[in-house]
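K.L.:
This structure is in structure tokens; I'll ask about it shortly.
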Amino acid sequence: MIDTNTVAIVGGVLGMVFVGEYLSLGADTGKTLKPSEKKKATPASTTFRVLRGLNYVALVAFVWSTAFLVMNYRHLSHSEGTETGQVRLAKMTWTLSLIYFFSFFGITFVEKENIDGVAAESNTSGYSKPLFQAAWESFMMSCIANITIAHLCINVAYDLFVLTPPLYFLRLFTGDKIFHYCTTKLIDWTVPIVVGPPAVWCGMRVWINDLDYFEKAKATGRALVLSNHGSRIDWLIGMFAGYSGTNIRVGFVCEWLVKYLPLIGWYRNFVNQDTFVNRSFESDKPRIEKRIDEFHNSNTDMMLFLAPEGACVDHNEMAMKYINDCQKFAAAQGYKPFDYVLTPRYKGLTCLARHVKERGEIMSIAMAFVRDGKLLDERLLSPDRVVPDLYTLFEGAGGSPVHVYVYAKHLDDFNTKSPEEIKKIMMDDYASKDKLLAHFHEHGHFPGVKLDEM
């Protein structure tokens with residue numbers, strides 16, 4: 001049986017965190033909100049506090065379990081009987097804490113100044129409800145989100161550590177063709193695990209303006225998709241779109257740092273074999289060409305997905321400076337400064353275009369993320385702008401789901417173009433994306449495409 005002291009410790013920690021978060025909610029309610037303020041309210045501050053509390057719980061659990069096992073090491077190493085319930089609990093707690101740390105610990109601390117700053121202007125929607133109810137709902141949604149992410153990480157870890165090593169051993173004798181075939185099948189098996197929870201449990205839906213065109217582009221076996229970068233879940237939408245309908249493997253072009261992220265980044269590097277760049281065209285060019293040639297030589301169909309903006313901005317000082325620089329660059333090139341998108345990077349596109357040189361389609365897409373009829377990825381400088389992430393999606397399990405609207409269109413081939421011509425094609429395309437999102441923000445749909453027609 002589990003010792004009552006252990007139950008008291010665990011219950012006390014959880015209770016302390018919950019009460020602390022409850023009190024911190026109340027600390028901000030020193031003034032009476034006007035009706036207009038309640039309408040503008042967002043749950044960011046409440047959610048942040050609860051997620052921060054979960055981080056503290058994981059930290060306390062890790063310290064307790066580690067201290068317990070260390071202090072009882074001599075007794076455990078000489079024990080002749082079976083493990084007690086308390087020992088099993090300590091080992092389980094220690095393991096789960098490590099999974100938490102390596103999988104997603106610290107995500108909730110990113111841009112916390114921004115989250116608190118936005119909340120200071122609009123406060124939180126939970127204040128229109130009793131404080132205990134607001135804290136409880138936010139606590140439960142955060143638990144669901146963290147459990148779902150942990151479920152994802154555990155499944156990815158199994159694929160990475162159990163199923164992947166034999167494939168690399170096989171690659172030594174058979175080459176890339178069979179290796180890519182096997183990793184493609186492994187990805188096909190993994191994708192439902194990744195996209196299933198947000199789509200089935202959390203109500204996420206993806207709508208495309210011209211589904212026939214999108215499916216024909218995938219059916220060519222080689223597609224280059226250039227997307228705006230309005231969220232931190234573009235990769236998940238890309239996986240979802242590639243798996244649905246005509247199934248095709250989706251590869252991503254992303255920053256080199258991603259491949260070092262525990263579990264998810266390792267999977268993207270060793271299984272998905274994404275293309276990682278460090279924003280230096282001279283060093284990136286051989287790496288991009290080598291990766292594309294590997295898939296072409298093994299005759300592996302793939303949709304290559306990337307966001308030429310290269311950055312996803314929030315409200316911090318560095319982001320504000322970058323937005324201003326992009327708007328100045330657009331004006332210098334003779335364009336009206338973009339309000340919804342950043343200016344694209346275009347130097348590496350000549351390398352990426354070789355993916356569709358023999359066959360395939362270059363596709364431009366603009367993605368709009370909507371919840372409760374409100375555009376989340378709105379104007380870059382708006383204080384109401386929300387950059388959707390996994391937590392935003394998983395909040396749909398206990399609240400309002402996120403719907404993603406995609407506007408897809410053909411883009412001219414780059415292979416025979418000069419650098420200046422490519423720059424103009426991309427700037428024209430991003431001016432078009434900016435107008436598409438502005439129209440969606442104002443009218444609730446893309447121009448010429450009503451939501452019920454998608």
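K.L.:
Using modelled backbone amide H atoms (1.01 Å from N, in-plane), which distant-in-sequence or interchain residues come within less than 5 Å of residue 380's amide H?
P.N.:
Result for residue 380 returns 340.
K.L.:
Continuing with this model, one more query. May I ask you to evaluate 6.51 cos²θ - 1.76 cosθ + 1.60, the Karplus curve with θ = phi - 60°, for each residue of the range 191-206 and list the ³J(HN,Hα) values in order in whole Hz, giving x for glycine and proline?
P.N.:
Coupling constants for the range 191-206: 3, x, 5, 7, 8, x, x, x, 7, 8, 7, 10, x, 5, 10, 10 Hz.
K.L.:
Assign one of three labels to the range 240-299, namely rounded, prolate or oblate, based on the Cα gyration tensor with a ≥ b ≥ c the square roots of its eigenvalues; rounded applies when a/c is under 1.5, prolate when it is not and a/b is larger than b/c, and oblate otherwise.
P.N.:
oblate
K.L.:
Under 15 Å from a label point 7 Å along Cα→Cβ of residue 442: give me every residue in the range 371-390 with its amide N that close.
P.N.:
379
K.L.:
Of all the accessible heavy-atom surface of the range 263-359, with the other protein chains kept in place and a 1.4 Å probe, what percent is carbon and sulfur?
P.N.:
Carbon and sulfur: 52 percent of the exposed surface of the range 263-359.
K.L.:
Right, another one. Full extension from residue 220 to residue 185: what is 0.36 nm times the residue separation minus their Cα-Cα distance, to one decimal in nm?
P.N.:
My answer for the length gained is 10.7 nm.
K.L.:
Now for a separate question. Can you list which of the chymotrypsin sites (Phe, Trp or Tyr not before Pro) found in the range 295-348 are DSSP loop residues with at most 16 other C-beta atoms within 10 Å?
P.N.:
Working: sites: 295, 305, 322, 329, 335, 338, 340, 346; in loops: 335, 338, 340, 346.
Counting only loop positions with at most 16 other Cβ atoms within 10 Å, the chymotrypsin sites (Phe, Trp or Tyr not before Pro) in the range 295-348 are 335.
K.L.:
Go ahead and run the numbers for FRET between residue 412 and residue 147, Cβ-Cβ distance against an R0 of 56 Å, rounding to 0.05.
P.N.:
Efficiency for this residue pair is about 0.75.
K.L.:
For the range 343-404, what class follows from the C-alpha gyration tensor (a ≥ b ≥ c being the square roots of its eigenvalues): rounded when a/c is under 1.5, otherwise prolate if a/b is larger than b/c, else oblate? Can you show the working numbers first?
P.N.:
Details: a/c = 3.27, a/b = 2.07, b/c = 1.58.
Taking the square roots of the gyration eigenvalues as a ≥ b ≥ c, the range 343-404 is prolate.
K.L.:
Which residues' amide hydrogens lie under 5 Å from the amide hydrogen of residue 417, considering only partners 5 or more residues apart or on another chain, with H built in the peptide plane?
P.N.:
none
K.L.:
Something else: Please compute the net charge surrounding residue 220, taking Lys and Arg as +1 and Asp and Glu as -1 over other residues with Cβ under 11 Å from its Cβ.
P.N.:
Values: positive: 216, 218, 222, 359; negative: 215, 301, 358, 361.
Computed value for this residue: 0.
K.L.:
Can I ask one more? Using θ = phi - 60° and the Karplus relation 6.51 cos²θ - 1.76 cosθ + 1.60, list the HN-Hα couplings for the range 292-307 in order, rounded to whole Hz, with x at every Gly or Pro.
P.N.:
5, 4, 4, 6, 5, 5, 8, 6, 9, 5, 7, 9, 8, 10, 8, 10
K.L.:
Quick one: which residues, 5+ away or cross-chain, put their amide H under 5 Å from the amide H of residue 228? H built at 1.01 Å from N.
P.N.:
365, 367
K.L.:
So, one more: In the range 278-359, what GluC sites (Glu not before Pro) fall in a loop by DSSP, with at most 16 other Cβ atoms inside 10 Å?
P.N.:
358
K.L.:
For the range 353-369, in order, what is each residue's ³J(HN,Hα) by Karplus, 6.51 cos²θ - 1.76 cosθ + 1.60 with θ = phi - 60°, in whole Hz (x at glycine and Pro)?
P.N.:
Karplus values, whole Hz, x for Gly and Pro: 5, 5, 4, 10, 5, 7, 7, x, 9, 9, 10, 9, 10, 10, 10, 10, 9.
K.L.:
Which shape class applies to the range 294-384: rounded if a/c is under 1.5, otherwise prolate when a/b exceeds b/c and oblate if not, where a ≥ b ≥ c are the square roots of the Cα gyration tensor eigenvalues? The partial results should precede the final answer.
P.N.:
Numbers: a/c = 2.61, a/b = 1.71, b/c = 1.53.
Prolate.
K.L.:
Would you mind checking 336/433; 259/285; 218/336 for any pair whose Cα atoms are more than 23 angstrom apart?
P.N.:
Beyond 23 Å: 218/336.
K.L.:
Follow-up question, since we're still on this one. Once R0 is set to 25 Å, what does the formula 1/(1 + (r/R0)^6) return for the Cβ-Cβ distance between residue 428 and residue 354, expressed as a FRET efficiency to the nearest 0.05?
P.N.:
The value I calculate is 0.70.
The values are calculated or read from the model by the stated rules, or taken from the named source; none is laboratory data. Bear in mind the structure is a predicted one, so any value in this text is a computation, not a measurement. Don't worry about glycine lacking a Cβ; one is built from the backbone with ideal geometry, like all the others, and counts go over all protein chains shown. Remember, those area values only see protein heavy atoms, side chains included, never the ligands or the DNA or RNA. Shrake-Rupley method; radii C 1.70, N 1.55, O 1.52, S 1.80 Å.
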